[in-house]
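Heads up: the structure comes next, in structure tokens.
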Amino acid sequence: MNKEPGMTLIVKTVTRISVWLIILYGFYIIFHGHLTPGGGFGGGVIIALALLNVLLAYGKDFTRKWLNIKLLENFESSSITLFLIVGIIGMAVGGSFLFNFIDKGTLFNMLSSGTILPLNIIIGIKVAMSLFLVVLALAAYNFDKGDEQ
Amino acid sequence: MPIEIWLIFILCVMIIASIAALEIKDILSSIIAIGVVGLGVSLSFLFLQAPDLAVVQFLFEIFALIILVRAFVKKEFHQHEETKNNLLISIVTIVVLGLLFLLSLPVFQNLPVFGQPLMTVSEYYLFHGALQTGAANLVAAIILDYRAYDTLGEVTVLFTAIIGTLSILKIRSKEKNRETSNE
Amino acid sequence: MKIKTRSRLVVFILSAFVWFALTNMKNWQEVFVGLLLSLLVSLIAGQFLITTEKTKHLFLRILAFAKYFLRFIWEMIKANFHVAYIVLHPDLPIKPGIVKVKTKLTKDSAKTILCNSITLTPGTMTVDINPDKNEIYIHWIDIVTKDYYNIDENTATISAKFEKLLTEVFE
Amino acid sequence: MIVYLLCFILFLVGIYGILTKRDLIKIILSIGIMGYAANLMLILFAYRNNSIYPILSEGKAVSQMVDPLPQALVLTSIVIELGTTAMLVALALRLYEKYKTFDITKIRRLKG
């Protein structure tokens, strides 16, 4: 009876109300990776799951309208270059690749531990974007004809 | 209760679930059984004092299940007929693997006892990690400071795998579209 | 102000509150990063939270929601006892079936809360919802109404008690 | 010791699946099982009796922490595992599109 894409109204509304909270929690996990369990890998997957939640609830057309897919692909590809750039700056400043060149800060502070925080953020972006793009490609893959729409 | 008994229990559940995953005919049930194995791994990480890994394993398990279900559940794959030599192959494989198990027993006897690891490199990381990197989470300190080069390689592998997946899913279909448009 | 902008603003404030609850607020670095991330979150996913115009004062609505919540807890306790009676009874006096219920609520969130309340009360469960006709399909473990197809009677038995209070909250 | 052996048995179950099963899906799942067993084995080597997790906080002694090095290695391994699983899934889908089956013996017969 439900002609429009995606799931029922209940799922849509709950997704609508809760998606910002999931994304915020993913950012929390990423940004506290050097203080608490978690880090770039776990937080990235949480963000990817939040986006996937919207994809499953609303269908792929809505998601393509909401997110700029080209931008996400560019983020995904450029994050690894950012990682390399951090490493090369370390080489220029400290003499070795991926040298921890930023000030260490105080222990248990948010902005501490030098390059660990930026690298965590880069890995988080990388993991989130790549996993979401894989699922988006799988969703766009038409299973009946074995061909992409 | 000592941790070893918990681990033995979880591992037995995991072995049973993995055998079930391989032997069940229905594909959805077998994917869910794999989920049981993954959650067992996550739980054992929690018992083994690795909360970092437990979080990551749990989340990645969910994601792997979503990918597998999305890809395979609609497929009509359950009609593969059993051949006669299938049973023979299974028996031979089990015998060979049992021999492998027996032959590798001496190796396991030479390993350090469970609960008393060799801590040669790690002692250095544990005692100097917080001062040298400024990170409270020593696992993050090792991943992104001491062994950041490893992580770079790992990110490269992930990048390559994802690019490969996307191109496998996309490029062929473009060729097909061109063929159909030419026709 | 446009609805999307207002929604983004609300998400920004809520995210900042959540962040401060999760972290230590005395540290200025946490506050700084938290505000930055709240801005980012509200830019990415802020447009979803609010989709309709404001109708009533927020304080009145929260008061009405508290009232609704107490009523809901009371209904849940009653339904729990009923289901426990059914389970413990030796004859198992059930009469299961799927019935149709009409609702007058217009907002999506109001409908969602109604459906979730029906699901959370033991004995009834929302199966599907038809947003165009405002009909909810409910699986009922023990149908007490005489006529299954009588929508008005079903509505009066199942959802009227929630709907009156929800109207106060949302409309 | 017995924990190691059980973990090894889990690994052998994965090998058994790869060698005997004819469904591509089952083979992918077997590779996943082998990955789980390998990860778990590394973490089992790292455990220390009566120890705590390797994250500093107030009142935690450094000398009582588990070995953080295998944990760091396994963390990257889990991520790579998911990437390879996704790639295998994509390859299996392409094979299904071409041969209309997941049975590897039939795929071999249809070669050429």
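Look at A:A48 and say whether it is assigned to a helix (DSSP H, G or I) and under 18 Å from C:T112 (Cβ atoms).
Taking the combined requirement at face value, the residue does not satisfy it.
Listed here are the residues, each with its yes/no results for (1) more than 7 Å from chain B (Cβ to nearest Cβ); (2) within 18 Å of B:F58 (Cα to Cα); (3) within 19 Å of the chain's Cα centre (by Cα).
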site: D:K26; (1), (2), (3): no, no, yes
site: D:G32; (1), (2), (3): no, yes, yes
site: D:S51; (1), (2), (3): no, no, no
site: D:Q71; (1), (2), (3): no, yes, yes
The lone exception for A:L21 - which of (1) surrounded by 24 or more Cβ atoms within 10 Å (Cβ to Cβ); (2) in a helix (DSSP H, G or I) it fails: (1)
Qualifying residue in the stretch C:19-26 (condition: within 11 Å of another protein chain (Cβ to nearest Cβ), more than 21 Å from C:A110 (Cα to Cα) and part of a loop (DSSP other than H, G, I, E, B)): yes
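Answer yes or no as to whether D:S30 is within 21 Å of B:I31 (Cβ to Cβ) and touching a residue at least 12 places away in the same chain (Cβ under 8 Å). Steps first, answer last, please.
Working: within 21 Å of B:I31 (Cβ to Cβ): yes; touching a residue at least 12 places away in the same chain (Cβ under 8 Å): yes.
In short, yes.
Would you call C:F81 open to solvent by 80 Å² or more (accessible area, probe 1.4 Å), over 17 Å from the mean Cα position of the chain (by Cα), aromatic (F, W, Y) and closer than 30 Å to C:K161 by Cβ?
Numbers: open to solvent by 80 Å² or more (accessible area, probe 1.4 Å): yes; over 17 Å from the mean Cα position of the chain (by Cα): yes; aromatic (F, W, Y): yes; closer than 30 Å to C:K161 by Cβ: yes.
Judged against the criteria, C:F81 is a match.
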Selection from the stretch C:112-129 of residues that are open to solvent by 20 Å² or more (accessible area, probe 1.4 Å) and either more than 25 Å from C:Y85 (Cβ to Cβ) or among the small types (G, A, S) (or both): C:I113, C:G123, C:D128
Close pairs (8 angstrom Cβ cut-off, 6 or more residues apart or separate chains): under 25 Å from D:I55 (Cβ atoms) in the stretch B:141-164, in a helix (DSSP H, G or I) and charged (D, E, K, R) anywhere: B:I143/B:D150; B:V155/A:K126; B:L158/A:K126
Any hit, the stretch D:93-106, residues being within 18 Å of B:L65 (Cβ to Cβ) and within 7 Å of chain B (Cβ to nearest Cβ): yes
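Could you please find all residues in the stretch D:50-95 being charged (D, E, K, R) and under 22 Å from D:A38 (Cβ atoms)?
Within the stretch D:50-95, D:D67, D:E81 meet the criteria.
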From the options D:L5, D:L10, D:L88, D:L29, residue that is surrounded by fewer than 17 Cβ atoms within 10 Å (Cβ to Cβ) and modelled with pLDDT of 90 or more: D:L5
Selection count where residues are of a type in the set (D, E) and open to solvent by 10 Å² or more (accessible area, probe 1.4 Å), scope the stretch B:24-60: 1
Residue that is least open to solvent (accessible area, probe 1.4 Å) [pool: residues in the stretch C:54-68 that are basic (K, R) and not in a helix (DSSP H, G or I)]: C:K56
Residue list for the stretch C:130-159, restricted to those being modelled with pLDDT under 85, open to solvent by less than 40 Å² (accessible area, probe 1.4 Å) and aliphatic (A, V, I, L, M): C:I143, C:I158
Residues being surrounded by 22 or more Cβ atoms within 10 Å (Cβ to Cβ) and of a type outside the set (G, A, S) - total across the stretch B:1-23: 4
Qualifying position, being part of a helix (DSSP H, G or I), at negative phi and either surrounded by fewer than 19 Cβ atoms within 10 Å (Cβ to Cβ) or not assigned by TED's automatic domain parsing to the domain that holds C:K107 (or both), among C:T51, C:T5: C:T5
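Picking from B:L131, B:L118, B:L144, B:L105, which residue would you name as being at pLDDT 85 or above, more than 7 Å from chain D (Cβ to nearest Cβ), within 30 Å of D:N50 (Cα to Cα) and open to solvent by 20 Å² or more (accessible area, probe 1.4 Å)?
After ruling out the rest, the residue left standing is B:L105.
The values are calculated or read from the model by the stated rules, or taken from the named source; none is laboratory data. Keep in mind the model is a prediction, meaning the values are calculated, not measured. Neighbour counts run over all protein chains shown; Cβ positions are idealised from the backbone, glycine included. These area figures cover heavy atoms from the full protein model, side chains too; ligands, DNA and RNA do not enter into them. Shrake-Rupley method; radii C 1.70, N 1.55, O 1.52, S 1.80 Å.
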